[in-house]
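Everything below concerns the one structure shown next.
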Amino acid sequence: MDSTDSSIDLAEQLAACVRTLAEAGYCPATGGNFSIRVDADSLWMTASGVDKRRLTTSDLIRMGVDGQARGYGKPSAETALHLWLYQHRPDTGCVLHVHSRANTVVSRCAGRGVRFQGYEMQKAVRGQPDHESPLTLPIVENSQKMADICRELESIRANKLPFGFLVRGHGLYAWGQDLAEARRHLEGWEFLLECHLAELSLAGNGSEKDL
């Protein structure tokens with residue numbers, strides 16, 4: 001564990017947030033992975049295979065933004081996606097990845113993305129001007145090779161990603177300039193996805209609002 005007060009404080013904030021998200025059901029089994037930027041060159045990353053309901057700062061690994069581990073432990077297999085965001089979106093300060101029932105099911109039902117319009121909650125996403133303007137959450141194909149997912153993200157263009165994307169059949173990535181914004185984005189997207197899933201259920205016909 002890094003000895004500086006600011007680094008320890010960030011680690012404690014991230015660990016507390018992860019435990020809260022896990023208790024809310026966003027991280028079944030040992031699912032999910034999380035990171036927070038410490039400075040321009042490094043970040044804290046959750047270790048692989050950890051029960052997120054019991055996560056502590058000792059379960060965080062110091063990583064360089066270049067991908068080099070600076071401590072002991074096995075980082076998440078999806079570290080490369082976090083690093084891609086830190087490298088391609090320089091304003092990224094925190095990345096949260098969760099596996100809720102809503103985000104997993106919707107990602108399997110939709111095409112290339114899920115389009116939202118008319119929800120006040122859309123304004124939880126930075127840059128969204130109002131509820132009337134359409135907002136689309138992209139979906140990328142799942143792969144055990146993180147490089148494949150990164151290439152698909154590059155085809156979307158990093159600056160066009162609305163602080164979130166779904167990996168098909170897998171889960172939601174959300175991020176922000178700091179932990180508070182990343183959590184707001186995650187909670188906003190999750191609310192929208194739950195509403196979308198409920199609409200599909202009420203419609204009873206499985207219709208989808210794809211890109």
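Among the listed residues Gly71, Gly67, Gly49, Gly31, identify the single one that is touching a Leu at 6+ places or on another chain (Cβ under 8 Å), assigned to a loop (DSSP other than H, G, I, E, B) and surrounded by fewer than 20 Cβ atoms within 10 Å (Cβ to Cβ).
Working: Gly71 fails: touching a Leu at 6+ places or on another chain (Cβ under 8 Å); Gly49 fails: touching a Leu at 6+ places or on another chain (Cβ under 8 Å); Gly31 fails: touching a Leu at 6+ places or on another chain (Cβ under 8 Å).
Selected residue: Gly67, the only one of Gly71, Gly67, Gly49, Gly31 that is touching a Leu at 6+ places or on another chain (Cβ under 8 Å), assigned to a loop (DSSP other than H, G, I, E, B) and surrounded by fewer than 20 Cβ atoms within 10 Å (Cβ to Cβ).
Under 7 Å between Cβ atoms, which residue pairs at least 6 apart in sequence (or on different chains) link something in region 194-211 that is modelled with pLDDT of 90 or more with a partner that is assigned to a helix (DSSP H, G or I)?
Glu194/Ala102; His196/Val106; Leu197/Ala102; Leu197/Val105; Leu197/Val106
So which of Val98, Val125 ends up being modelled with pLDDT of 95 or more and closer than 21 Å to Cys27 by Cα? Steps first, answer last, please.
On the way: Val125 fails: closer than 21 Å to Cys27 by Cα.
Criteria check complete, one pass: Val98.
Within region 3-28, how many residues are surrounded by fewer than 18 Cβ atoms within 10 Å (Cβ to Cβ), in contact (Cβ under 8 Å) with a residue 24 or more places away in the chain and not polar (S, T, N, Q)?
Counting residues in region 3-28 that are surrounded by fewer than 18 Cβ atoms within 10 Å (Cβ to Cβ), in contact (Cβ under 8 Å) with a residue 24 or more places away in the chain and not polar (S, T, N, Q) gives 6.
Would you check if Leu96 is crowded, with 24+ Cβ neighbours inside 10 Å and of a type outside the set (Lys, Arg)?
Details: crowded, with 24+ Cβ neighbours inside 10 Å: yes; of a type outside the set (Lys, Arg): yes.
When the stated conditions are applied, Leu96 passes them.
Could you tell me how many of the residues in region 147-202 are closer than 20 Å to Val18 by Cα and surrounded by fewer than 14 Cβ atoms within 10 Å (Cβ to Cβ)?
Residues meeting the conditions: 1.
Quick one: count up the residues across region 149-178 that are more than 14 Å from Asp91 (Cβ to Cβ), hydrophobic (A, V, I, L, M, F, W, C) and either at pLDDT below 95 or part of a helix (DSSP H, G or I) (or both).
Looking only at that region, the number is 4.
The values are calculated or read from the model by the stated rules, or taken from the named source; none is laboratory data. Everything quoted here is computed from the prediction, not taken from an experiment. Every residue, glycine among them, receives a Cβ derived from its backbone with ideal geometry; neighbour counts consider all protein chains shown.
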